[in-house]
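Notes follow once the structure below has been shown.
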Amino acid sequence: MLRFLTAGESHGRGLVAIVEGMPSGMSLIAEDINPDLKARQGGYGRGGRMKIESDQVQILSGVRWGQTLGSPIALLIENKDFANWETKMSVHPEHRDPTIAIQEPRPGHADLVGLLKYNRPDIRDILERASARETAARVAVGAVCRKLLQQFSIESVSHVVSIGTVVAPVQSLTFEEIRARQAASDLKCADPKAEMTMKVAIDLAKHEGDSLGGVVEVRVKGLPVGLGSHVHWDRKLDGKLAQSLMSIQAIKGVEIGLGFQSAFLDGSKVHDEISTDGSVFLRLSNNAGGLEGGMTTGEDLVLRAAMKPIATLQRPKKTINPFTKQPASASTERSDVCAVTAAAVVAEAATLFTVAQAFCEKFGGDSLKEMKRNFDLYCEQIRHFPEDLP
């Protein structure tokens with residue numbers, strides 16, 4: 001089974017990810033991962049931290065001479081800013097300094113709930129791990145999964161659909177058009193006019209000490225029919241994808257295909273009619289977003305995730321000091337005004353992992369060659385349906 005764990009704090013020594021379940025024999029080097037890490041750091045409206053860090057991955061295990069071994073892959077992304085936090089984030093008890101404790105929880109953040117749940121004396125004990133800095137490790141994991149899926153001609157793209165009230169009209173664009181346009185955009189937006197208006201909105205929010213959220217979209221093409229399953233609730237791929245996306249910091253909603261819009265339409269305008277070219281079954285539209293009954297249909301997977309505005313505001317909201325129970329202003333950290341561009345990269349990584357996980361469950365294999373044999377046999381079965389019926 002493909003799975004991963006991450007560890008590390010925002011200003012700690014670094015971020016670590018361990019990926020288990022990758023087949024052996026797949027080529028993998030740091031440069032397969034670093035472009036995605038760089039993309040996560042980009043975007044108009046990012047904060048000062050991105051000027052300090054220049055994320056690069058170190059592959060510590062699971063790879064020899066550029067090929068995966070089938071053993072766990074350990075990835076390390078060092079935090080350059082740790083040099084300024086070495087005693088503040090030290091693991092050694094002699095460096096303890098209660099005078100630097102943070103005691104003003106931010107509304108909308110994990111600060112207060114985490115403080116109460118874990119019974120800690122300092123909000124920094126919570127915010128360091130709750131920080132979206134952790135997503136750098138998840139992006140590295142997603143890049144490894146991208147490399148696996150590319151062996152089977154499966155591709156993905158992510159882009160920004162909206163920031164604040166500014167919406168990019170991109171519904172009619174093809175996968176290739178979105179990929180080309182978002183690559184040329186500072187905001188990963190596929191509509192240049194909308195991008196200009198988005199930048200104005202970000203500048204205004206920065207001037208007012210505020211923050212902005214938005215919506216991102218992920219598309220995956222080349223998927224085979226039948227990833228996931230209808231037989232149990234926890235095997236449905238749409239449920240797994242929703243959980244994966246909702247686990248990203250600040251994500252508050254997920255849509256697949258038409259999503260919430262389908263609730264306001266007649267069934268005749270929602271469900272995708274079925275056709276065939278003689279050997280492959282096709283949908284005449286893709287309102288379902290590539291998923292029916294918890295399984296992939298063979299059409300493009302289309303997912304959207306809604307990101308709330310970042311909780312750290314330069315004009316802080318009112319809060320309560322949980323230790324004194326007195327009113328206070330929320331603490332401030334160095335933060336972004338808008339990180340929706342980064343959210344698109346992270347959402348794509350989360351999607352790639354979940355799709356790769358379903359792919360490994362379906363086609364198994366300790367080695368890439370074994371997995372390819374299983375995949376080819378299954379594709380042959382689909383092409384010849386119903387000839388091989390029992």
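Criterion first (under 21 Å from A311 (Cα atoms) and not small (G, A, S)) does D122 satisfy it?
Numbers: under 21 Å from A311 (Cα atoms): yes; not small (G, A, S): yes.
In short, yes.
Taking into account only those residues within region 203-229 that are part of a loop (DSSP other than H, G, I, E, B) and among the hydrophobic types (A, V, I, L, M, F, W, C), which is farthest from Q314 (Cα to Cα)? Break it down stepwise before answering.
Step one: list which residues in region 203-229 are part of a loop (DSSP other than H, G, I, E, B), which gives 208-213, 222-227, 229.
Those still in the list that are among the hydrophobic types (A, V, I, L, M, F, W, C) too: 212, 223, 225, 227.
Working: L212: 13, L223: 44, V225: 48, L227: 45 Å.
Looking at residues that are part of a loop (DSSP other than H, G, I, E, B) and among the hydrophobic types (A, V, I, L, M, F, W, C), I get V225.
If the requirement is being in a helix (DSSP H, G or I) and not aliphatic (A, V, I, L, M), which of these qualifies: D272, D238? Show your work before the answer.
Values: D272 fails: in a helix (DSSP H, G or I).
Within the list D272, D238, the selection yields D238.
Going through region 72-99 one residue at a time, which ones are in a strand (DSSP E or B) and out of contact with any Leu (no Cβ under 6 Å at 6 or more places or on another chain)? Even if it seems obvious, please write down each step before you answer.
Our first condition is that a residue be in a strand (DSSP E or B); within region 72-99, this holds for 73-78.
Scanning region 72-99 gives I73, L75, E78.
With of a type in the set (D, E, K, R) and over 20 Å from the mean Cα position of the chain (by Cα) as the only criterion, which of K317, K240 stands out? If you could, list the steps in order and put the result at the bottom.
Working: K240 fails: over 20 Å from the mean Cα position of the chain (by Cα).
Answer to the check: K317.
Could you grab me the full set of residues in region 153-171 that are under 30 Å from K372 (Cβ atoms) and touching a Ser or Thr at 6+ places or on another chain (Cβ under 7 Å)? If you could, list the steps in order and put the result at the bottom.
Of region 153-171, the ones under 30 Å from K372 (Cβ atoms) are 153-158.
The one that is under 30 Å from K372 (Cβ atoms) and touching a Ser or Thr at 6+ places or on another chain (Cβ under 7 Å): S156.
Looking only at region 348-390, count every residue that is in a helix (DSSP H, G or I), touching a residue at least 24 places away in the same chain (Cβ under 8 Å) and of a type outside the set (S, T, N, Q) and tell me the total. Spell out the reasoning first.
Restricting attention to region 348-390, the residues satisfying the condition of being in a helix (DSSP H, G or I) are 348-363, 368-383.
If we keep only those that are touching a residue at least 24 places away in the same chain (Cβ under 8 Å) too, we end up with 348-362, 368-372, 375, 378-379, 382-383.
Filter again for of a type outside the set (S, T, N, Q), leaving 348-350, 352-353, 355-356, 358-362, 368-372, 375, 378-379, 382-383.
Residues in region 348-390 being in a helix (DSSP H, G or I), touching a residue at least 24 places away in the same chain (Cβ under 8 Å) and of a type outside the set (S, T, N, Q): 22 in total.
Quick check on region 290-310: of everything there that is assigned to a strand (DSSP E or B) and of a type in the set (A, V, I, L, M, F, W, C), which residue is surrounded by the most Cβ atoms within 10 Å (Cβ to Cβ)?
Of the residues in region 290-310, the ones assigned to a strand (DSSP E or B) are 291-292, 295-296, 301-307.
Applying the additional criterion that residues be of a type in the set (A, V, I, L, M, F, W, C) yields 291, 295, 301-303, 305-307.
On the way: L291: 24, M295: 19, L301: 26, V302: 22, L303: 28, A305: 30, A306: 21, M307: 28.
Ranking the candidates gives A305 first.
Filter the helices (runs of 4 or more DSSP H) completely within region 109-202 down to those with at least 3 residues that are of a type in the set (V, I, T) and surrounded by 23 or more Cβ atoms within 10 Å (Cβ to Cβ). Can you show your working first?
Numbers: elements: 111-118, 124-130, 135-150, 175-183.
Qualifying helices (runs of 4 or more DSSP H): 135-150.
Return a yes/no flag: does region 313-321 have any residue that is touching an Asp or Glu at 6+ places or on another chain (Cβ under 9 Å), within 30 Å of H207 (Cβ to Cβ), of a type in the set (A, V, I, L, M) and at pLDDT 95 or above.
Initially, region 313-321 is screened for residues touching an Asp or Glu at 6+ places or on another chain (Cβ under 9 Å), giving 313-316, 319-321.
Among the residues that remain, those that are also within 30 Å of H207 (Cβ to Cβ) are: 313-316, 319-321.
From what's left, of a type in the set (A, V, I, L, M): 313, 320.
Checking which are at pLDDT 95 or above leaves us with 320.
Scanning region 313-321, I find at least one residue that is touching an Asp or Glu at 6+ places or on another chain (Cβ under 9 Å), within 30 Å of H207 (Cβ to Cβ), of a type in the set (A, V, I, L, M) and at pLDDT 95 or above, so the answer is yes.
Starting from residues that are part of a loop (DSSP other than H, G, I, E, B), out of contact with any helix residue (DSSP H, G or I) (no Cβ under 7 Å at 6 or more places or on another chain) and at pLDDT 95 or above, keep the ones in region 9-63 and report whichever is surrounded by the fewest Cβ atoms within 10 Å (Cβ to Cβ).
Here the answer is I29.
The values are calculated or read from the model by the stated rules, or taken from the named source; none is laboratory data. Keep in mind that this is a model prediction, so the values were computed, not measured. Reconstructed Cβ throughout: ideal geometry from the backbone, glycine too, with neighbour counts over all protein chains shown.
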